[in-house]
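Visitor: Attaching a single structure in structure tokens format; questions to follow.
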Amino acid sequence: MNDICEPAEPKSQVVQCAIVELLELAQQQGITPVDFIQLLDSGMRISDFLAAITPLANANNSIDRDS
């Protein structure tokens, strides 16, 4: 009965893919993996990071399409 209340463990392959994608997004914005880890260590949430880079990524995509 206790198993129902406990959240399932995420699959390690999914977690690894998510981390790789986050690092790729960061690198596209000129943020090194070390800088990204420091942002997380300083308290930045991943959701805040994604919210902050989304407008930048959209701007870069529209610039690339204009070329």
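Visitor: Rounded to whole Hz and in sequence order, give me ³J(HN,Hα) for region 31-37 from the Karplus expression 6.51 cos²θ - 1.76 cosθ + 1.60, θ = phi - 60°, writing x for Gly and Pro.
Guide: Per residue, the Karplus-derived 3J(HN,Hα) values read 9, 6, x, 5, 4, 4, 4 Hz.
Visitor: With θ set to phi - 60°, apply the Karplus curve 6.51 cos²θ - 1.76 cosθ + 1.60 along region 24-30 and write out the HN-Hα couplings as whole Hz, x wherever there is a Gly or Pro.
Guide: After applying 6.51 cos²θ - 1.76 cosθ + 1.60, I find 5, 4, 4, 4, 4, 9, x Hz.
Visitor: Spelling out what I want: for every residue of region 44-51, take phi, set θ = phi - 60°, compute 6.51 cos²θ - 1.76 cosθ + 1.60 (Karplus), and round to whole Hz; glycine and proline get x.
Guide: 5, 7, 4, 4, 5, 4, 5, 5
Visitor: Also: Amide H neighbours of Met44 under 5 Å, counting only residues 5+ apart in sequence or on other chains, H built in-plane at 1.01 Å?
Guide: none
Laboratory data are not the source of any read-out in this text; all were calculated from the coordinates shown. Small disclaimer: the values here were computed from a predicted structure and weren't measured.
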